[in-house]
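This report concerns only the one structure given below.
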Amino acid sequence: MNLPNKLTVGRMIAVPFFVAAFMLQYYMIAFIIFIAASFTDLLDGKIARARGLVTNFGKIMDPLADKILVYSALCLLIGEGTIPAWSLIVILAREFAVSGMRTVAASEGRVVAAGMSGKIKTVLQMLAVPTLILALTLDSVYVLMTIGMALFWASLAATIYSGCEYIIKNKDVFSM
């Protein structure tokens, strides 16, 4: 297993530790784990592309690891009453729709590549989550909570936009 794939697996292994720290209200530890895990996402892609270590495992597991990390965090933030539950339904609906389209396209030998709007969505989510966790750590510091919520709402808007963009750009997948 190459280094980028080890980083991806490490991100997935970090999730239960992140969840446990959060649930035990060790928010600063959860924050640190989330930041470290998010950093591995940045690293694994850069290393894989720079060293020619892109693998099918990495192509599939890297985005899955991101989703497991981010959506676990969003579930926990819902439990804290920080974000509304319906927002996660919107986010998951987009993910299932895009994943379904990719699966259908792949069955026909076609790749539905990630678009810039989807990447922006992921970056906004990975900025919103730690900001909101840090706000919990510091007993809901108003400025941090405001910034975190602004990032979250921006990520939700990017989620909706990118979902629509995928559907419009790949509408022919529905006729496959």
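The values are calculated or read from the model by the stated rules, or taken from the named source; none is laboratory data. Predicted model only: the values in this text are computed from it and were never measured. All Cβ positions, glycine included, derive from the backbone under ideal geometry; neighbour counts span all protein chains shown. Each accessible area value is taken on the protein alone, full model and side chains, heavy atoms only, with ligands, DNA and RNA left out. Shrake-Rupley method; radii C 1.70, N 1.55, O 1.52, S 1.80 Å.
Below is a table of values for the structure above.
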quantity: Any pair with Cβ under 6 angstrom, 6 or more apart, that starts in the stretch 151-176 at a residue that is closer than 12 Å to GLY115 by Cα and ends at one that is among the basic types (Lys, Arg) and surrounded by 13 or more Cβ atoms within 10 Å (Cβ to Cβ); calculated: ALA158/LYS121; THR159/ARG94; THR159/LYS121; SER162/LYS121; GLY163/ARG94
quantity: Criterion: in contact with a helix residue (DSSP H, G or I) (Cβ under 6 Å, 6 or more places away or on another chain), farther than 25 Å from ASN5 by Cα and open to solvent by 60 Å² or more (accessible area, probe 1.4 Å) - qualifying residue of ILE68, ILE78, ILE147, ILE120; calculated: ILE147
quantity: Residues (surrounded by 15 or more Cβ atoms within 10 Å (Cβ to Cβ) and within 18 Å of ILE120 (Cα to Cα)) located in the stretch 44-65; calculated: ASP44, GLY45, ASP62, PRO63, ALA65
quantity: Looking only at the stretch 100-117, and only at residues there that are at pLDDT 85 or above and open to solvent by less than 50 Å² (accessible area, probe 1.4 Å), the one that is farthest from LYS169 (Cα to Cα); calculated: GLY100
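Conditions tested, residue by residue: (1) crowded, with 20+ Cβ neighbours inside 10 Å; (2) touching a Leu at 6+ places or on another chain (Cβ under 7 Å).
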site: ALA128; (1), (2): yes, yes
site: LEU132; (1), (2): yes, yes
site: THR137; (1), (2): no, no
site: VAL141; (1), (2): no, no
site: TRP153; (1), (2): no, no
site: LEU156; (1), (2): yes, no
site: ILE160; (1), (2): no, no
site: ASP172; (1), (2): no, no
site: SER175; (1), (2): no, no
